[in-house]
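Since every read-out is calculated from the coordinates, none of them should be taken as a lab result. Everything numeric in this text was worked out from a predicted model, so none of it was measured. Positions of Cβ are generated from backbone atoms using ideal geometry, with glycine treated the same way; all protein chains shown enter the neighbour counts.
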Amino acid sequence: MLTDRIAEFLARTGMSKTRLGVEALNDGHAIPEIEAGRKLSLETYQRLMEYLDAHASDETAGPSLTAENL
């Protein structure tokens with residue numbers, strides 16, 4: 001199920017729902033809406049799946065480290 005795949009990705013990467021939505025779909029509200037039952041077009045589903053597949057091996061996809069947050 002898509003919501004399970006999203007939850008696993010978020011748990012593994014530490015990425016926020018907002019960031020995933022913005023990076024994958026250019027919509028910071030998309031992931032909570034999908035979890036709440038939002039219907040997806042085939043194009044949107046494919047974009048999200050392509051993003052999850054492309055980043056499947058990311059250890060952490062959280063914020064980039066900078067001198068300010070070390």
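Distance between the modelled labels on E35 and A7, one decimal in nanometres: 0.9 nm (7 Å Cα→Cβ projection). Stretching the chain fully between N26 and E50 yields a gain of 7.3 nm (0.36 nm per residue, less the alpha carbon separation).
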